[in-house]
Amino acid sequence: MASARGARTRRASHEKLRNAAARRAVVVRGGKAQTKTVATGSAADFIPPNPTLPKLRDAAMRCRGCHLWTLGTQTVFGEGPKRARVMIVGEQPGDQEDRAGHPFVGPSGKLLDQALEHAGIERDDVYVTNAVKHFKWERGEKSARRVHKKPNDAEVRACHPWLDEEIRLVQPKVVVCLGATAAQSIMGKSFKVTKERGRAVKAPNGGIVIATVHPSSVLRAPDAAARAQAERDFMADIKKVARHLSG
Ligand code: URA
Ligand code: SF4
């Protein structure tokens, strides 16, 4: 039985771990939380043997592959059918996703939904996930708001094993990268979304990748005209994904 005392012990020991050196994980044996040194200091240490999507999701809830688990409320793992032909990869969960525990449920998700609908891509043909599975944020200077912080290279690398496994299991026909973080996680640091957007390129693992901007950049456009243009361009890129599915 997972007792309340066990949960308290685990929480207390997580607190102690906050400032501890990386590469330590919490294991629970006989109801007692212990720490053990793990091998890679990345999500790879937490991938279960013979993974399936449900097993991966479950294991990811306990990931301590980087320090971001101390910031986010919970792991926000990918969602969607195993047989999805399209995998959408964002950067990391936002404030609303962090609270809800589901990817793309906030403003960026609404815009993404519109683009998918506009392109005629069915939701049950889509698996949505992120390059980084915890919300990275800092307290705003003048408000209590949690302000999004871009994940750094080490964090993206540490989280990459989850994404790799999701792609390996779903084997989508097209992986759509929203923004540079997602695109570079899959294509490497020298990949430029500005140069390659909307083009089908071959990923190192052999799959097809189409990169576009992150919907949050569309939402941040400086004025109505720029916003309308950015939205048209984003919709056009997602339309190319649809063409790639039927072609
Ligand atoms: N932005 C992302 O990149 N991912 C989400 O899940 C939500 C917003
Ligand atoms: Fe693990 Fe990724 Fe969360 Fe870091 S961000 S703790 S690697 S799930």
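The values are calculated or read from the model by the stated rules, or taken from the named source; none is laboratory data. Note that the structure is a prediction, hence the values are computed from the model and not measured. Positions of Cβ are generated from backbone atoms using ideal geometry, with glycine treated the same way; all protein chains shown enter the neighbour counts.
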Task: Test: residue in region 88-107 that is surrounded by fewer than 21 Cβ atoms within 10 Å (Cβ to Cβ) and under 27 Å from G247 (Cβ atoms) - done: no
Task: Residue satisfying condition, being within 12 Å of ligand 1 (Cβ to nearest atom) and closer than 19 Å to R145 by Cβ, within set G106, G90 - done: G106
Open item on the list: Within region 81-96, take every residue that is under 13 Å from the mean Cα position of the chain (by Cα) and either of a type outside the set (D, E) or over 23 Å from T212 (Cα atoms) (or both) and give me the one that is nearest to ligand 2 (Cβ to nearest atom).
Closed with: Q92
Task: Any chance V132 is over 26 Å from P49 (Cβ atoms) and aliphatic (A, V, I, L, M) - done: no
TODO: Give the residues of region 153-178 that are of a type in the set (D, E, K, R) and within 16 Å of ligand 1 (Cβ to nearest atom), sorted by residue number.
DONE: E155, E166
- [ ] Could you tell me whether any residue of region 215-231 is among the hydroxyl-bearing types (S, T, Y) and either at pLDDT below 95 or under 19 Å from the mean Cα position of the chain (by Cα) (or both)?
- [x] yes
TODO: Residue by residue through region 109-134, note down the ones that are closer than 16 Å to T181 by Cα and more than 9 Å from ligand 1 (Cβ to nearest atom).
DONE: K133, H134
- [ ] Pairs only if they're at least six apart or on different chains, beta carbon under 8 angstrom, first in region 102-120 and within 16 Å of V76 (Cα to Cα), second outside any helix (DSSP H, G or I) and of a type in the set (D, E, K, R); list them, first residue then second.
- [x] H102/E79; P103/E79
Task: Unique match (being closer than 27 Å to A59 by Cα, in contact with a Gly (Cβ under 8 Å, 6 or more places away or on another chain) and hydrophobic (A, V, I, L, M, F, W, C)) among V193, V209, V175, V213 - done: V175
TODO: Within region 145-153, identify whether any single residue is more than 17 Å from the chain's Cα centre (by Cα) and not β-branched (V, I, T), and answer yes or no.
DONE: yes
